[in-house]
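> First the structure, then my questions, so here it is.
The values are calculated or read from the model by the stated rules, or taken from the named source; none is laboratory data. Small disclaimer: the values here were computed from a predicted structure and weren't measured. Reconstructed Cβ throughout: ideal geometry from the backbone, glycine too, with neighbour counts over all protein chains shown. These area figures cover heavy atoms from the full protein model, side chains too; ligands, DNA and RNA do not enter into them. Shrake-Rupley method; radii C 1.70, N 1.55, O 1.52, S 1.80 Å.
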Amino acid sequence: MDLKYIGHSAFEIKLENQSIMIDPFTKHNEKYNWHESNITDILLTHAHGDHLGEAIEIAKEKDATITAIVELAKYCEEQGCKVRPVNFGGWINFDWGRVVFVPAYHTSSLPDGRYGGMAAGIIVDTQNVRMYHAGDTALTSEMKTIKELYRPNIAMLPIGGTYTMDVEHAAVAAHWIGAQTVIPMHYNTMPEIQADIQRFMSLVQVNNSNCVVLDPNKV
Ligand code: NI
Ligand code: MN
């Protein structure tokens, strides 16, 4: 498995013959070209434009399935996409692994202004690696139960502040979640989400996690 960071909150999980995308907002990265990947599934944490990104376009061209909370899935279906509507709590099986949606402390609205359902984080299990993509979220004590219930190996956490946790709170989240590897996301892509990455790295290291800063320019 190869985990590629496209920037902002977008990731491509590359498996042998297919790719899974999370929150495919990729336009800001000139070096990334989703047309080159065999994308079979798109997972969306919530409906905001910087997470929905190019999901509709990608799903249509690739005949990929969008898996999202029911309100957002319904919207994607209305746009002509294949969807898998889900909600919180249960494992959802795929031929490449399984996922579970967990609540995020955030809002969610569709491009047309309608309510987009609750915002989510996503636990992804594939090839013996368990990832927790936190989506956009504030710090919440429920993250302690992420550790207890799921024990993820990798945690992708927003650190930019304003709309999500900032560096300090994300470091607390990293401690509570207890993943061996922490990947910061959702920072430095807009003026209001500038983050001190060095400070985040040093705060996370205190808690014995390994902070891996992925460079979106090396996709
Ligand atoms: Ni958002
Ligand atoms: Mn966002």
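> Do you know which of the residues in segment 1-25 that are more than 16 Å from ligand 1 (Cβ to nearest atom) and of a type in the set (V, I, T) is farthest from G121 (Cα to Cα)?
So the residue we want is I6.
> Now for a different question. Please find, within segment 158-203, the residue that is surrounded by the fewest Cβ atoms within 10 Å (Cβ to Cβ) out of those that are assigned to a strand (DSSP E or B) and within 14 Å of ligand 1 (Cβ to nearest atom).
This residue is M185.
> Further question: Quick check on segment 73-96. Is at least one of its residues away from ligand 2 (no atom under 15 Å from the Cβ), outside any strand (DSSP E or B) and of a type in the set (S, T, Y)? Reasoning before the result, please.
Narrowing segment 73-96 to residues away from ligand 2 (no atom under 15 Å from the Cβ): 73-96.
Checking the rest, the ones that are also outside any strand (DSSP E or B) come to 73-81, 87-91, 95-96.
Narrowing further to those that are of a type in the set (S, T, Y): 75.
Checked against the condition, which is being away from ligand 2 (no atom under 15 Å from the Cβ), outside any strand (DSSP E or B) and of a type in the set (S, T, Y), segment 73-96 yields at least one hit.
> Could you give every pair whose Cβ atoms fall below 7 Å, whose first residue belongs to segment 103-125 and is under 13 Å from G89 (Cα atoms) and open to solvent by 10 Å² or more (accessible area, probe 1.4 Å), and whose second residue is of a type in the set (D, E, K, R) and not in a strand (DSSP E or B), counting only separations of at least 6 or pairs across chains?
P103/E142
> Only one of these is free of Cβ contacts under 8 Å to residues at least 24 places away in the same chain and either part of a strand (DSSP E or B) or farther than 23 Å from M118 by Cβ (or both): K31, K60, K27. Name it. Spell out how you get there, then give the answer.
Details: K31 fails: free of Cβ contacts under 8 Å to residues at least 24 places away in the same chain; K27 fails: free of Cβ contacts under 8 Å to residues at least 24 places away in the same chain.
K60 is the lone residue from the list that is free of Cβ contacts under 8 Å to residues at least 24 places away in the same chain and either part of a strand (DSSP E or B) or farther than 23 Å from M118 by Cβ (or both).
> Of the residues that sit in segment 40-54 and are in a loop (DSSP other than H, G, I, E, B) and within 15 Å of G7 (Cβ to Cβ), which one is least open to solvent (accessible area, probe 1.4 Å)?
Selected residue: E54.
> For the condition open to solvent by 30 Å² or more (accessible area, probe 1.4 Å) and either touching a strand residue (DSSP E or B) at 6+ places or on another chain (Cβ under 9 Å) or within 16 Å of ligand 2 (Cβ to nearest atom) (or both), what is the one hit in V129, V99?
Details: V99 fails: open to solvent by 30 Å² or more (accessible area, probe 1.4 Å).
One residue alone meets the criteria, V129.
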